[in-house]
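Here's the structure, in structure tokens; my notes come after.
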Amino acid sequence: MEGVASRFSAFETAEGTPDAIVEILADSEPAASLARPAGRSRRLFEEEHELDYYPDSGTLRLVDIGIAALCDTPSASVRILVKDDDARAVHLASHLFFSLCLAELLRSRGRYPVHAACVSLDGRAVLFAGPSGAGKSTLSLACARSGWSFLGDDVVLVIADEPREPIVRAFPDEIDLTQESLRFFPDLGSLSLAGPAWEKRHVPPNHIAWLRLASEARPAALVFPERGPVARLSPLSSDAALIELVPNVVRTDTRVAQRHLDTLGALARAVPAFRLEIDDPFAAPGLLAPLLEGRAGAR
Amino acid sequence: MLWETVRGARNTPEETQVGEHEPNEPTGAEEKAPTGTGSELSRRDFMRGAAAAGVVIGADDYVKPTLKMLGVSRLAAAASTPPPPPPPQESPKKGCTPGFWGNNSSDGQGGGVPWWDTSSDPEWAANGGSGTNPFSQSTLFTPFFTSHPLLVGVTMWVAVNGGGGSHPAEKAARQLVAAYLNASFGAYTFTRAQLSSMWTQAVSGGNSALNALSTLLDATNTGCDGQ
Amino acid sequence: MNEATPPRAWMESSVPRRSTAVVEQRANDSLVLVHIDTGRYYALEGTGDVIWHLCDGQSTLGHIVAAVSAQFGADPRTVRADALELLTELSREGLIDDAS
């Protein structure tokens, strides 16, 4: 539970009836204790851990050594059983497994995760989208350092209930510190919480004094960063932007996947997209600020 | 109805117009679509349906249909942070100590020293090793493994013997070299890919992470046959 | 389905039908398809978009070819050959099957 509390310490809390319940319980035989749901299944992942979706019950089942989880989307309940003397399993319980279940519940409620860092200026957001290693996290920190508001460095939620314009909701999870981000922001090293050898260093965004959080913003630009010697922004068509975003669709419930894809399509149509070649992340704010002038959230 | 099917597709708001000119009439006798479903389909119905589907059609717009595969989507957004490496196998295989592969403080050189003192050392396989030795004693630690300032210019031989110091990086590197040799030799708790990855992450994690890695590998490099 | 469908012979009387395990999104110049079971995603271009939507599980191949030929003023033989090639690819990828 400490892991969960630490990860989500920057999220707003709310009162009232919860939308979902997540139980994390100690168990000596997690996989055996969490039986497979009835009906057919679809294997979504099977490298380090197994991830199966059961379309008949709308249930996600995740298993790894020392941990098993069942996410029942219709009842919005998650059960994670973990061998509490297994440090790696405990970490998975508060991190990857928790994330996968949370993402599934969010999708079922029309909040679609997009693998992107996001910062905003006066309520208008730039999403840095693309695969790991492209420098999204460092770019978002560089913009935040120069006064932009911060919504997340890895995943944000997009809501596109047409005919309304899409909006982006923050997902201020712990910021994972890469070697690159430590190089540009050495002060974060002293703030970070180190864990076991295999765990990246991370820092909750609300522990960073110069980081201002925003809870939501209107997307105004989609930016796909790449390393490049000369800072350059090149326009990208909405078709190309959509194609870059497609891998964000998670293949569980088909109707939810269609709505997820619809949301990505709405986002790609609503805002201009660019490739950003850059080497110095601190050049990003000056290069991107002009994109936010004028119309926001529309081509 | 064909055109109703076309109309069922999703619209792109800015792509609803039909081409400005009517498509050319086919030469020869007037043709109508044959009635596969028992109902007549007029060109106008088709155009209306296509327009509703956001498909722009004009007389010269027949373009060969193509299907382009773009990629395979995996668990993108939700699994954007890589998981930690898998834990030890159910029956973890312990490995030889750094002293076996290097200098053994009490008995001089360890028993495994002659098995990797050259590249593709024949004594490796002759003593039961799988494949060939992954590196030799003169191989440089960096760039075989991710660079750490204290391990630059250091050979595997120096590293497995502790590098002459007690810095967390040197202690971890000592265990790492032994572990990598163990993983290459036969069944071991971790794979070589896992070990490389664990080292890389420990380097970025700093001294506490390096100490943790050293402790972890020390627990699995506790001794083998021949020690 | 998780495996590609073996090649099938499409005939005039075949009735191609879009798989329910496919989600789609219209882009400006193409239609993007994602197969939920395999995770593969595709772009359909040219008249492929139109033919895809004519794979409604009710219209025969013959009907589709005739309709597309008439509306584009294209040689039916060309359209048939192209449509057959497309249907073969679509079924190999598990995106359509034959409802006949």
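Determine if region B:169-183 includes at least one residue that is within 12 Å of chain A (Cβ to nearest Cβ) and surrounded by fewer than 20 Cβ atoms within 10 Å (Cβ to Cβ). No, region B:169-183 contains no residue that is within 12 Å of chain A (Cβ to nearest Cβ) and surrounded by fewer than 20 Cβ atoms within 10 Å (Cβ to Cβ).
Just the residues that are closer than 23 Å to A:C101 by Cβ, at the interface with chain C (Cβ under 10 Å from one of its Cβ atoms) and in contact with a Leu (Cβ under 8 Å, 6 or more places away or on another chain), please, taken from region A:247-283. Matches in region A:247-283: A:V249, A:V250, A:R251, A:T252, A:L264. Checking each residue in region B:184-215 for being surrounded by fewer than 23 Cβ atoms within 10 Å (Cβ to Cβ) and in contact with a strand residue (DSSP E or B) (Cβ under 9 Å, 6 or more places away or on another chain) picks out B:S204, B:G206.
Yes/no matrix, rows are residues, columns are (1) at the interface with chain B (Cβ under 7 Å from one of its Cβ atoms); (2) out of contact with any strand residue (DSSP E or B) (no Cβ under 6 Å at 6 or more places or on another chain); (3) surrounded by fewer than 22 Cβ atoms within 10 Å (Cβ to Cβ):
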{"site": "C:L44", "(1), (2), (3)": "yes, no, no"}
{"site": "C:D49", "(1), (2), (3)": "yes, no, no"}
{"site": "C:G57", "(1), (2), (3)": "no, no, yes"}
{"site": "C:G62", "(1), (2), (3)": "yes, yes, yes"}
{"site": "C:V65", "(1), (2), (3)": "no, yes, no"}
{"site": "C:G73", "(1), (2), (3)": "yes, yes, yes"}
{"site": "C:D82", "(1), (2), (3)": "yes, yes, no"}
{"site": "C:E89", "(1), (2), (3)": "yes, no, yes"}
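In region B:129-141, the residues that are in the same structural domain as B:T155 (by TED's automatic domain parsing) and closer than 17 Å to B:L151 by Cβ form Cβ pairs under 6 Å with partners that are part of a loop (DSSP other than H, G, I, E, B) and not charged (D, E, K, R), at six or more places apart or across chains, as follows: B:S136/B:T118; B:S136/B:S119; B:F141/B:V154.
For region A:34-43, the criterion of being under 24 Å from C:I36 (Cβ atoms) and not in a loop (DSSP other than H, G, I, E, B) is satisfied by at least one residue. Take A:V114 and tell me if it is more than 12 Å from chain B (Cβ to nearest Cβ), hydrophobic (A, V, I, L, M, F, W, C) and surrounded by 22 or more Cβ atoms within 10 Å (Cβ to Cβ). Considered against the rule, which asks whether it is more than 12 Å from chain B (Cβ to nearest Cβ), hydrophobic (A, V, I, L, M, F, W, C) and surrounded by 22 or more Cβ atoms within 10 Å (Cβ to Cβ), A:V114 comes out as no.
Only one entry in C:D49, C:D97 is of a type in the set (D, E, K, R) and not in a helix (DSSP H, G or I), namely C:D97. Checked against the criterion of being in the same structural domain as B:G111 (by TED's automatic domain parsing) and within 15 Å of B:G99 (Cβ to Cβ), the candidates B:A202, B:A172, B:A179 yield just one match: B:A179. Within region A:94-112, the set of residues being over 14 Å from A:I167 (Cα atoms), part of a loop (DSSP other than H, G, I, E, B) and either under 15 Å from the mean Cα position of the chain (by Cα) or at pLDDT 95 or above (or both) comprises just one member, A:H95. Within region A:71-91, being away from every other protein chain (no Cβ under 13 Å) and either farther than 30 Å from A:P55 by Cβ or among the aromatic types (F, W, Y) (or both) holds for one residue alone: A:D84. Do we find a residue being at the interface with chain B (Cβ under 7 Å from one of its Cβ atoms) and not charged (D, E, K, R) anywhere in region C:1-22? No - not one qualifying residue is present in region C:1-22. Taking the numbered list (1) more than 9 Å from chain A (Cβ to nearest Cβ); (2) part of a helix (DSSP H, G or I) in turn, B:A212 passes all entries but (1).
Buried (at least 20 other Cβ atoms within 10 Å of the Cβ) and either touching a residue at least 60 places away in the same chain (Cβ under 8 Å) or facing chain B (nearest Cβ under 8 Å) (or both): is that true of C:I36 in this structure? For C:I36, the condition - buried (at least 20 other Cβ atoms within 10 Å of the Cβ) and either touching a residue at least 60 places away in the same chain (Cβ under 8 Å) or facing chain B (nearest Cβ under 8 Å) (or both) - is not met.
Of all the residues in region A:1-53, those that are farther than 26 Å from A:E174 by Cα and aromatic (F, W, Y) number 1. When the test is whether a residue is within 29 Å of A:I243 (Cα to Cα) and facing chain B (nearest Cβ under 9 Å), C:A27 passes it.
For the criterion of being of a type outside the set (D, E) and buried (at least 18 other Cβ atoms within 10 Å of the Cβ), B:A125 fails. Look at A:R201 and say whether it is more than 26 Å from C:T38 (Cβ to Cβ) and within 14 Å of chain B (Cβ to nearest Cβ). Yes: the conditions hold for A:R201.
Scanning region A:227-248 for residues that are surrounded by fewer than 14 Cβ atoms within 10 Å (Cβ to Cβ) and under 22 Å from the mean Cα position of the chain (by Cα) returns a single hit, A:R227.
Would you say A:A220 is part of a loop (DSSP other than H, G, I, E, B), among the aliphatic types (A, V, I, L, M) and either over 28 Å from B:Q194 (Cα atoms) or in contact with a Pro (Cβ under 7 Å, 6 or more places away or on another chain) (or both)? When the stated conditions are applied, A:A220 does not pass them. Is it fair to say B:A125 is touching a residue at least 60 places away in the same chain (Cβ under 8 Å) and more than 16 Å from B:S214 (Cβ to Cβ)? So B:A125 fails the test. Taken together, the criteria place B:G164 among residues that are more than 21 Å from B:A219 (Cα to Cα) and at pLDDT below 85.
Just to be sure before I move on: is B:P122 farther than 30 Å from A:P131 by Cβ and at pLDDT 65 or above in the structure I sent? Yes; evaluated as a whole, the condition is true for this residue. Which of the residues belonging to region A:182-210 are at pLDDT 65 or above, among the charged types (D, E, K, R) and under 24 Å from A:R88 (Cα atoms)? Correct list: A:R201 only. Residues that are small (G, A, S), surrounded by fewer than 18 Cβ atoms within 10 Å (Cβ to Cβ) and at pLDDT 90 or above: does region C:17-32 have at least one? There is no residue in region C:17-32 that is small (G, A, S), surrounded by fewer than 18 Cβ atoms within 10 Å (Cβ to Cβ) and at pLDDT 90 or above. Residues of region A:62-78 that are touching a residue at least 24 places away in the same chain (Cβ under 8 Å) and either over 27 Å from A:T17 (Cβ atoms) or buried (at least 19 other Cβ atoms within 10 Å of the Cβ) (or both): A:L62, A:V63, A:D64, A:I65, A:G66, A:I67, A:A68, A:A69, A:L70, A:C71, A:T73, A:V78.
Kindly establish whether B:L195 is among the aliphatic types (A, V, I, L, M), closer than 30 Å to A:F185 by Cα and modelled with pLDDT of 85 or more. Criteria met by B:L195.
The values are calculated or read from the model by the stated rules, or taken from the named source; none is laboratory data. As the structure is a computational prediction, the values presented were derived from the model and not from experiment. In this analysis, Cβ positions are derived from the backbone assuming ideal geometry, glycine residues included, and neighbour counts consider all displayed protein chains.
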